[in-house]
Amino acid sequence: MLVVTLRTLASSSSPFLYNPLVPKPFSNPHPKCRATCPCSYPALRITLYAGCKSEYQSERGLQFETGESFFRHESATGRDLGVLAASLYRKSEGKLRVLDALCGCGVRSLRYLVEAEADFVLANDANEEYNSVICKNLSRMVPSGPGDECRWRVTNSDANRIMTECYLQRDFFDFIDVDSFGSDSSFLRSAMNALRLDGLLYVTSTDGFSSGGHRPHHSFAAYGAYIQPLPYSNEVGLRMLIGGAVREASVLGYRVAPLFSYYAYHGPVFRVLLRVNRGKLPDNRDYGFISYCEQCGNSQAFSWDELGQISCLCTNSKVSESIIVSGPLWTGPLHDTVYVQEMLNLAEEWGWTGRDTETSLEKVLKQMVDESDPRLPFGYIKLDEVASRAKINSPPLRTMMSAIQKEGYAASRSHIVSNAIKTNCPMTVCIRIAKELQQCCSAENVVS
Ligand SMILES: C[S@@+](CC[C@H](N)C(=O)[O-])C[C@H]1O[C@@H](n2cnc3c(N)ncnc32)[C@H](O)[C@@H]1O
Ligand SMILES: [Zn+2]
């Protein structure tokens, strides 16, 4: 049975583009009840026809309904990562209060409650029509509980509003999940305000246009970063998001450190888990500009003090038109090695590893551990670019990686692109190595 409210009928807009400025067509006469309870249905409902769109789904063995909400199976790895991190927090701090600020059907809230054993989850989604499905999903597995023992609560408010209210009431959370769309950075500040010090903030961007450098004024408005097209744009998306958080945090007298950064092709989705603390970034280290030279393919990082001296070695230190500069953004490590290793250990303990597929959680976590080698700079080198500059066929990734390592450089695969290498080996050296490998290979073929 499909139940549709007047609001659904009146609005043809996307379910996730909620605009808090548009007045709501009906208001709830019992706000308290509305906030907590499945009995509190919207005032007007129209039953249209049989054939309910709501289906049962299952993730890591937990069943839930999606109703009419926005839900993607492909985001399961992002949810796994959040649950692992929340559980680590629960284990180390002995408590866990979660705010799932844009919860959709409430699948994350459910998983934070059941898998991470959160003491309390506030599940919020601006869309009132999701209220019943969220309540249903949570109450099926976890009784809400009375008064102080209450395990969860559901609200249907704008995320900024609910987080600001929590902040004003000094109702702070240990872990806040902001699963937003596009480059909506307006949630960053209110989320930081509602977070306990040393708490964890799981933020999102799905703005592939901005990370691709296709709208630098937009990325500047959202994250304070003028982004131009770079060959490693999907990593830039993560760095742009972290940089935006660094900027917001500094306004509040906080500093943030990324514990892990995750890119997923679908969407695209850029997700970063940040630890938020009082203090500031020392000397703006890890927050600056990156340059890419179109002529030779090399990339470099520049601090604010070096802004007037940006050049590339291929042009004998003269200012060159072949250089593209983006920033300011995060230039430091994308992950905390120890932390990601702990997540991997927990995933193993829970039996979430070992069933290896191309997109498995285990593979992502292992690549994150490799990527967090402190010798590795920002960006990655795509083997197609090496091949095209060297005018040869693309070398096999493993052969190329071990040849780079044999020359004393650090190298790892990237969880972002399968045919790319993260390395501190300059592009010019990569080209020389690739050519040597090609010659070696041709000589072997002649002999055989
Ligand atoms: C990406 S979906 C959430 C998916 C969900 N977290 C999951 O893992 O399945 C984003 C959600 O944000 C809600 N939303 C959009 N704008 C919002 C706002 N300003 N405040 C709160 N929720 C909002 C939409 O209704 C939508 O359900
Ligand atoms: Zn150059």
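The values are calculated or read from the model by the stated rules, or taken from the named source; none is laboratory data. Keep in mind the model is a prediction, meaning the values are calculated, not measured. Glycine also receives a Cβ, built like all others from the backbone with ideal geometry; neighbour counts cover every protein chain displayed.
Note on segment 362-399: residues that are under 30 Å from Met343 (Cα atoms) and assigned to a loop (DSSP other than H, G, I, E, B) total 9. Here Asp283 clears all of (1) under 30 Å from Arg196 (Cα atoms); (2) in a loop (DSSP other than H, G, I, E, B); (3) at pLDDT below 95 except the condition numbered (2).
The set of residues in segment 287-309 that are in a loop (DSSP other than H, G, I, E, B) and within 11 Å of ligand 2 (Cβ to nearest atom) comprises Glu294, Gln295, Cys296, Gly297, Asn298. Within segment 109-141, the set of residues being surrounded by fewer than 24 Cβ atoms within 10 Å (Cβ to Cβ), assigned to a loop (DSSP other than H, G, I, E, B) and touching a Ser or Thr at 6+ places or on another chain (Cβ under 8 Å) comprises Glu115, Ala116, Glu117, Ala126, Asn127. Residues of segment 303-331 that are modelled with pLDDT of 95 or more and closer than 20 Å to Ala257 by Cα: Gly327, Pro328, Leu329, Trp330, Thr331.
Scanning segment 247-280 for residues that are surrounded by 13 or more Cβ atoms within 10 Å (Cβ to Cβ), assigned to a strand (DSSP E or B), away from ligand 1 (no atom under 16 Å from the Cβ) and basic (Lys, Arg) gives Arg255, Arg275.
If you go through segment 217-234 and pick out every residue that is touching a residue at least 40 places away in the same chain (Cβ under 8 Å) and touching a helix residue (DSSP H, G or I) at 6+ places or on another chain (Cβ under 8 Å), you end up with 9. Against the list (1) out of contact with any Ser or Thr (no Cβ under 9 Å at 6 or more places or on another chain); (2) free of Cβ contacts under 8 Å to residues at least 12 places away in the same chain, the condition Gln309 fails is (1).
Taking first residues from segment 236-250 that are acidic (Asp, Glu) and partners that are part of a helix (DSSP H, G or I) and at pLDDT 95 or above, the Cβ contacts under 6 Å between residues at least 6 apart in sequence or on separate chains come to Glu248/Leu188; Glu248/Arg189. When residues in segment 349-371 are screened for being under 19 Å from Phe270 (Cβ atoms) and either modelled with pLDDT of 90 or more or crowded, with 19+ Cβ neighbours inside 10 Å (or both), 7 of them pass.
Taking (1) under 20 Å from the mean Cα position of the chain (by Cα); (2) modelled with pLDDT under 95 in turn, Val269 satisfies each apart from (2).
Table: residues versus (1) polar (S, T, N, Q); (2) assigned by TED's automatic domain parsing to the domain that holds Val272; (3) within 16 Å of ligand 1 (Cβ to nearest atom); (4) in contact with an Asp or Glu (Cβ under 7 Å, 6 or more places away or on another chain).
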{"position": "Gln309", "(1), (2), (3), (4)": "yes, no, no, no"}
{"position": "Val325", "(1), (2), (3), (4)": "no, no, no, no"}
{"position": "Pro333", "(1), (2), (3), (4)": "no, no, no, no"}
{"position": "Gln341", "(1), (2), (3), (4)": "yes, no, no, no"}
{"position": "Ala347", "(1), (2), (3), (4)": "no, no, no, yes"}
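Contact annotation: residue pairs with Cβ atoms under 7 Å, 6 or more positions apart or on different chains, pairing a residue in segment 64-87 that is farther than 20 Å from Arg140 by Cα and in contact (Cβ under 8 Å) with a residue 60 or more places away in the chain with a partner that is near ligand 1 (Cβ under 10 Å from one of its atoms) and in a helix (DSSP H, G or I), are Gly82/Arg108.
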